[in-house]
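Trainee: Sharing a structure here in structure tokens format.
Each value in this text was obtained by applying a stated rule to the coordinates, not by laboratory testing. Computed from a predicted model, the values in this text were never measured in an experiment. Please note: Cβ atoms are built from the backbone with ideal geometry, for glycine as well, and neighbour counts cover all protein chains shown.
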Amino acid sequence: MRNRKQKLHRFVFTTVMNRLLMIFFAIMMPFTGFSQEITEIDGDGIAVLSRNSNDTTYVINFWATWCSPCVKEIDFFEEVHSRLHDSKVKVILVSLDFPNQVERRLIPFLEDKKITAQVMLMTDLDYNSWIERVDKSWSGAIPATLIFNRERRVFLEQELTRDELFENVNQILD
């Protein structure tokens, strides 16, 4: 009788523990597997970044979560990142979201889209002090994309289709 009671207690204990573990993993699953670091950058930093002259091709996209055309094209930049990151192409997504919206808006957006490209948050909200340092033709409208390497440079102040983005990247690479 005592042996059966011990087996029953062991069975109940094991069952309860297994269910608790399943609940724990179900709750924790959305928080695992995604870890996006957001680097802050100011006007001086973006001026230096947009003038790099090493052997890398840079694709720098200026965007925000509140910009519908930006959101529409963001997956294309992630695709460039995932396809070309081994070939000395670096995609950098510079978010122009307000710093107080990072936790509430930017991070959930990046998690939802599973963005793995590098993300930077512009902390210099005086846009007129730095946009011309990226490109003299830039009016400040977004989305805007700078694609360059040490030999070629193109600045696009428009929403890009997937084909347009890849075509421009390939022209710079060739």
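Trainee: Got a sec? How would Asp124, Asp112 order by Cβ neighbour count within 10 Å, fewest to most?
Mentor: Values: Asp124 14, Asp112 9.
Fewest-to-most Cβ neighbours within 10 Å comes out as Asp112, Asp124.
Trainee: Distance between the C-alpha centers of the stretch 41-71 and the stretch 96-174? Whole Å please.
Mentor: When both Cα centres are located, 5 Å separates them.
Trainee: Compute the distance in nm between two label points, each set 7 Å from the Cα along the Cα-to-Cβ direction, one at Ile38 and one at Arg104.
Mentor: With each label placed 7 Å out from Cα toward Cβ, I get 1.2 nm.
Trainee: Looking at the square roots a ≥ b ≥ c of the eigenvalues of the Cα gyration tensor of the stretch 132-172, which shape do they give, rounded for a/c under 1.5, prolate if a/b is larger than b/c, or oblate?
Mentor: Note, shape of the stretch 132-172 comes out oblate.
Trainee: Let me ask another. What percent does the relative contact order of the stretch 123-174 come to when contacts are Cα pairs within less than 8 Å and at least six residues apart?
Mentor: 27 percent
Trainee: In addition: Looking at the stretch 38-173, how many pairs of lysines come closer than 20 Å at the Cα, when each pair is eight or more places apart or spans two chains?
Mentor: 4
Trainee: Within the stretch 95-115, name every residue whose backbone N is under 16 Å away from a label modeled 7 Å from Cα of Asn52 along the Cβ vector.
Mentor: 95
Trainee: From the square roots a ≥ b ≥ c of the eigenvalues of the alpha-carbon gyration tensor of the stretch 59-174, which class results: rounded (a/c under 1.5), prolate (a/b over b/c), or oblate?
Mentor: oblate
Trainee: At 7 Å along the Cα-to-beta-carbon direction for both Asp124 and Glu157, put a label point, then send me their distance in nm to one decimal.
Mentor: Going from the Asp124 label point to the Glu157 one covers 1.8 nm.
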